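Since every read-out is calculated from the coordinates, none of them should be taken as a lab result. Everything quoted here is computed from the prediction, not taken from an experiment.
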Amino acid sequence: MQIKRVRCPKCGVTLEVKNSKNEIEKLVTCPKCKTPLKISFPPQQEPLEAPTIYGTSTSNEDGATQLGGGLSDATVIGGNMNGSTQLVIPSQKSAVLPRLLFEGDIYTLRDGKNVIGRKAQTSQATVQIDTDDRYMSRLHSMIMITSLPDGSKKATLSNYQNKNKTIVDGQEICTGDEIRLTDGDSITMGHTTIVFKLS
């Protein structure tokens, strides 16, 4: 059903006209000034046809057959399965935000450059870790977050203009080095160890 709002040219009243019979034109009368109005509706388009996905078939409690079984992360379109066809479309995985965990605190990382450092009044780090560790610089390391075409995130870590050590899972990162982070990596900056999470 199409609904169109029109204003009466004579008295200015706004009318809501419903087109339940899919007419191209409809004649209505203004309820206030009784002026006849001709309302045009755009022709309705036929619904687009989606491709059928065939896979292993399964049956539910109603005894109906579902095509495309085994798609655990799929979006299902259609109501119940009482003898009707069900369209199954694989859904895109929801993006998980990369983050750092330290002593119960969560520090979310955004796309692009994330400069990690010790929290201080003079710190210019975009992610400031709340620690008293003086061996962790105020601008200690940088994590670059990139969104990939499949919706996942790529994270790379490098030292950031500091003379103190950065260690990822036991491997020291020298100035100029860059390492790709994976979920659960342990990052030590000075004497402070934080965990990188991606899931």
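Fully extended, how many nm does the chain gain between L139 and E16 (0.36 nm per residue separation, minus their Cα-Cα distance)?
Length gained between L139 and E16: 38.2 nm.
Using 0.36 nm per residue of separation minus the Cα-Cα distance, give me the extension gain between K4 and E178 in nm, one decimal. List each step's numbers first, then the result.
Numbers: separation 174, 0.36 × 174 = 62.64 nm, distance 5.85 nm.
Contour length minus the Cα-Cα distance gives 56.8 nm.
Fully extended, how many nm does the chain gain between K34 and L97 (0.36 nm per residue separation, minus their Cα-Cα distance)?
Additional length available on full extension: 16.8 nm.
Considering amide H positions built from the backbone, and no H for Pro or chain starts, which residues 5 or more places from S141, or on another chain, come under 5 Å of its amide H?
I116, Y160
Determine the distance separating the Cα centre of the range 140-161 from the Cα centre of the range 24-42; give it in Å without decimals.
So the two Cα centres are separated by 60 Å.
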